[in-house]
Amino acid sequence: MNIHEYQAKAVLKEFGVPVSRGVAVLKASDAGAAAKELGGPLWVVKSQIHAGGRGKGKFKEAEAGEKGGVRLAKSVKEVESFVAQMLGKTLVTAQTGPAGKQVNRIYLEEGANIAKEFYLSLLVDRSTSRVAFVVSTEGGMEIEEVAHHASDKIVTFSVDPVTGALPHHGRIVAKTLGLAGDLADQAEALTARLYAAFVAKDMAMLEINPLIVSAEGRLKCLDAKISFDANALYRHPEILALRDETEEDPKEIEASKHDLSYVALDGAIGCMVNGAGLAMATMDIIKLYGAEPANFLDVGGGATKDKVSAAFKIITADPQVKGILVNIFGGIMKCDVIAEGVIAAVKEVGLEVPLVVRLEGTNVDIGKKIIADSRLNVISADDLDDAAQKIVNAVGKA
Ligand code: GDP
Ligand code: MN
């Protein structure tokens, strides 16, 4: 689960991480008072969407100006006009896709005077099973770019969970960023605090870009992006309360209500599969035959007819889906349950795209009979390879 920048900064502040003072603004009429409260003389007006690249982003609406989703204001009047221009508008950044995202919240911050910009992030590194730090002097730009063009400017290290962050970790950060004296001490404290926050809140990723040295010689997090491990959210109701469903894919929200493992993707072939491994293999083979999956979906082992039907409805409701592949290996899951679920869903919402069904395993004969008796226009397939080729032929290559 992702949260907004202003929420992320509030979480980090609890752990003593240095951030700028700021006020979240939800209504344009509140902007003036918020600006006066912060005092100035420099303010940063920041669009809050769950995507990065806001500074270099552009609004779809001309009246919002071409200046991007993060703007510096030099007067209360300017703050008011920028907030009014941004709120309700659609911001398109390198991370939103061409459709962009509507800006419904603004974070107004006191403006910092930047002397240097760095990059710092923490993430769960699966290869070492530890929390890893990624540190670079090349702040402000996307780390993927840096990794591509100047990978020698990126330093990574991981932290032993038994000891937690130790002073030498802080010294690696300071050394990488070329900091000495008091700034090195600040880097050491920051390293320990970020690690503490990461572990305490079960984060999956914490990215500070840029981390800055201000003109006054203070290390400060000017941007903060956090995503949390969804499997640990039950331990953090205060984090769950920060969820902004308007930022999430409605299909994924619907899927989570039915306890389905569903991830929306960009392709044209909707997939309904049981088992994460088979779902991954199905996506791979669709790609192998030249098309792209519209989703990852694992209906799970003990799914009921209702759950299967809900899953099928989520797939058919996606306007991107031009064909559906049902690929079930019945083990715990029974093929007749899948067949019944699919037919129940089709009866309710209809079926306007080609459907290829491959069933194998427990109760496969009953499942196939249910589908045949339904007189649905189903293309049946014998194995995974055959199924993938049939759906790609029916839909066309990407
Ligand atoms: P992003 O574009 O979505 O990553 O948003 P950021 O929060 O990183 O802001 C974009 C850029 O705006 C930063 O890289 C900074 O260069 C600039 N910026 C943000 N806050 C301040 C500030 O307080 N003072 C100044 N001078 N620039 C800022
Ligand atoms: Mn940033």
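Against the numbered list (1) in contact with a Leu (Cβ under 6 Å, 6 or more places away or on another chain); (2) not in a strand (DSSP E or B), Val23 comes up short only at (2). Determine whether the stretch 119-133 contains at least one residue that is in contact (Cβ under 8 Å) with a residue 12 or more places away in the chain and in contact with a Gly (Cβ under 6 Å, 6 or more places away or on another chain). Looking through the stretch 119-133, at least one residue is in contact (Cβ under 8 Å) with a residue 12 or more places away in the chain and in contact with a Gly (Cβ under 6 Å, 6 or more places away or on another chain).
For Gly52, the criteria (1) within 16 Å of ligand 2 (Cβ to nearest atom); (2) modelled with pLDDT of 95 or more; (3) in a loop (DSSP other than H, G, I, E, B) hold in every case but one, which is (2). Scan the stretch 102-110 and give yes if some residue there is farther than 27 Å from Leu183 by Cβ, surrounded by fewer than 18 Cβ atoms within 10 Å (Cβ to Cβ), assigned by TED's automatic domain parsing to the domain that holds Pro41 and within 17 Å of the chain's Cα centre (by Cα), otherwise no. Yes, the conditions are met somewhere in the stretch 102-110. Per the listing Val162, Val173, the residue uniquely among the β-branched types (Val, Ile, Thr), part of a helix (DSSP H, G or I), over 21 Å from Glu5 (Cβ atoms) and more than 13 Å from ligand 1 (Cβ to nearest atom) is Val173. A single entry from Gly139, Gly97 fulfils the requirement of being touching an Asp or Glu at 6+ places or on another chain (Cβ under 7 Å) and either under 30 Å from Gln186 (Cα atoms) or within 16 Å of ligand 1 (Cβ to nearest atom) (or both): Gly139.
Criterion first (of a type in the set (Gly, Ala, Ser) and either within 18 Å of the chain's Cα centre (by Cα) or farther than 24 Å from Met141 by Cα (or both)) does Ala10 satisfy it?
Numbers: of a type in the set (Gly, Ala, Ser): yes; either within 18 Å of the chain's Cα centre (by Cα) or farther than 24 Å from Met141 by Cα (or both): no.
So Ala10 fails the test.
Scanning the stretch 12-57 for residues that are away from ligand 1 (no atom under 14 Å from the Cβ), loosely packed, with under 15 Cβ neighbours inside 10 Å and not small (Gly, Ala, Ser) returns Glu14, Leu26, Lys27, Lys36, Glu37.
Which one is farthest from the chain's Cα centre (by Cα) among residues in the stretch 174-201 that are under 22 Å from Arg126 (Cβ atoms) and buried (at least 17 other Cβ atoms within 10 Å of the Cβ)?
Within the stretch 174-201, the subset under 22 Å from Arg126 (Cβ atoms) is 191, 194-201.
Then drop every residue that is not buried (at least 17 other Cβ atoms within 10 Å of the Cβ), which leaves 191, 194-195, 197-198, 201.
Numbers: Thr191: 24, Leu194: 20, Tyr195: 21, Ala197: 20, Phe198: 17, Lys201: 17 Å.
Only one residue fits best here, namely Thr191.
Across the stretch 55-77, the qualifying residues are those that are without any contact (Cβ under 8 Å) to a residue 12 or more places away in the chain and not small (Gly, Ala, Ser), and the one among them that is nearest to ligand 2 (Cβ to nearest atom) is Lys67. If you filter the stretch 228-267 down to residues that are within 14 Å of Ile315 (Cβ to Cβ) and touching a Gly at 6+ places or on another chain (Cβ under 8 Å), you find that the one that is surrounded by the fewest Cβ atoms within 10 Å (Cβ to Cβ) is Ser261. Counting only strands (runs of 3 or more DSSP E) that sit wholly inside the stretch 61-110, those with at least 2 residues that are more than 12 Å from Ala31 (Cα to Cα) and of a type in the set (A, V, I, L, M) are 70-73, 90-92. Can you find even one residue in the stretch 128-149 that is within 16 Å of ligand 2 (Cβ to nearest atom) and over 27 Å from the mean Cα position of the chain (by Cα)? No - not one qualifying residue is present in the stretch 128-149.
The values are calculated or read from the model by the stated rules, or taken from the named source; none is laboratory data. Remember, it's a predicted structure, so these values are computed and weren't measured experimentally. Every residue, glycine among them, receives a Cβ derived from its backbone with ideal geometry; neighbour counts consider all protein chains shown.
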